[in-house]
Amino acid sequence: MKSHFSEARSAEIAIERMGPDAPPRLVEVMSSLVRHMHAFVKETELTPEEWEIGVDFLTKTGQICSQERQEYILLSDVLGVSMLVDAVNNRRPEGATENTVFGPFHVADAPVRAMGDTICLDGKGEPCLFEGKVLDLDGQPIQGACVDVWSDNAEGFYDVQQPGIQPKWNNRGRFLTNEDGRYAFRGIKPTSYPIPDDGPVGKMLESMGRHPYRPAHMHFLVTKPGYQRLVTHTFVEADPYLESDAVFGVKESLIARYERTDAEDAAWRSTFDFVLAPL
Ligand code: BEZ
Ligand code: FE
């Protein structure tokens, strides 16, 4: 029988079982997934023991998930899948700032702060002035763009990872660009840090001979009606992990300069302009 299982036609048989009323996009995505999974099993000649390790890994990955922790997204991140989904869906014209991975530590509705204000509330770290402009593809300033920023503290933790230890909204804030498209805020020179590695994904990285570190970066979410939402980071130049980011987030164009200053309130300055593509 054509519909009975055979090694040669395994994928087609599983795909053909879908009903006529299944939504076309679901059929397309599931067919491709089944085809690739069957090809993977055939290519590796996966043993039952290895299959069981995989099932056990996925079970543990699910079990550690909670309101605060999303281990599946982390799995997608460390396999480069999050960056690929982002790349496929954010192809931009030449000159527009590139996207990178969003990460799990953004918190919506951060305090709106005044131009030049500090986001560092715990007083730790090397003070750094972040400034630049938000521009359109023609180099014209975009006024009233929302520049939402977040970073880890000097010890490599986000405020949400240390409630009760760090002040709420530490190293976070939203800033609106002025008529010149300018934004400016004070924070700290970010530090590199490991992604949460105390769960199954951390164990997987270790067994694959990979480290869990991300190069130091400042997160930016830049929005303005009429323009594509920009989710990105700027990376600290010369960071030792730029070539081996655990989640593959680094793009050459996002590596920012950090200059020493003699200003009393900022040992460093990092200037970076963002260019938004129209919708
Ligand atoms: C982050 O940069 O905050 C991040 C991104 C992906 C996974 C974990 C953390
Ligand atoms: Fe981060």
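Results for (1) in the same structural domain as G144 (by TED's automatic domain parsing); (2) away from ligand 2 (no atom under 16 Å from the Cβ); (3) open to solvent by less than 30 Å² (accessible area, probe 1.4 Å); (4) under 25 Å from Q162 (Cα atoms), shown as yes or no for each residue.
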| residue | (1), (2), (3), (4) |
| --- | --- |
| C65 | no, yes, no, yes |
| E71 | no, yes, yes, yes |
| S82 | no, no, yes, no |
| A87 | no, yes, no, no |
| F130 | yes, no, yes, yes |
Strands (runs of 3 or more DSSP E) (entirely within the range 205-279) containing at least 2 residues that are open to solvent by less than 50 Å² (accessible area, probe 1.4 Å), within 24 Å of E71 (Cβ to Cβ) and out of contact with any Pro (no Cβ under 6 Å at 6 or more places or on another chain): 217-223, 230-236
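Let's see how each residue does on (1) of a type in the set (G, A, S); (2) within 16 Å of ligand 2 (Cβ to nearest atom); (3) touching a Leu at 6+ places or on another chain (Cβ under 9 Å):
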site: N178; (1), (2), (3): no, no, no
site: I195; (1), (2), (3): no, yes, yes
site: H219; (1), (2), (3): no, yes, no
site: K224; (1), (2), (3): no, no, yes
site: F274; (1), (2), (3): no, no, yes
site: L279; (1), (2), (3): no, no, no
Helices (runs of 4 or more DSSP H) (entirely within the range 41-122) containing at least 2 residues that are polar (S, T, N, Q): 48-63, 81-89
Filter pass, G202 being open to solvent by less than 30 Å² (accessible area, probe 1.4 Å) and without any contact (Cβ under 8 Å) to a residue 12 or more places away in the chain: yes
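Quick check on this structure: which one of A216, A154, A184 is modelled with pLDDT of 95 or more, in contact with a Lys or Arg (Cβ under 8 Å, 6 or more places away or on another chain) and away from ligand 1 (no atom under 12 Å from the Cβ)?
Checking each option against the conditions leaves just A154.
The values are calculated or read from the model by the stated rules, or taken from the named source; none is laboratory data. What you are looking at is a predicted structure, and each value in this text was computed from that prediction instead of being measured. Heads up, the Cβs are rebuilt from the backbone with ideal geometry, glycines too, and the neighbour counts pull from every protein chain shown. Only protein heavy atoms, including side chains, enter the accessible area calculation; ligands, DNA and RNA are left aside. Shrake-Rupley method; radii C 1.70, N 1.55, O 1.52, S 1.80 Å.
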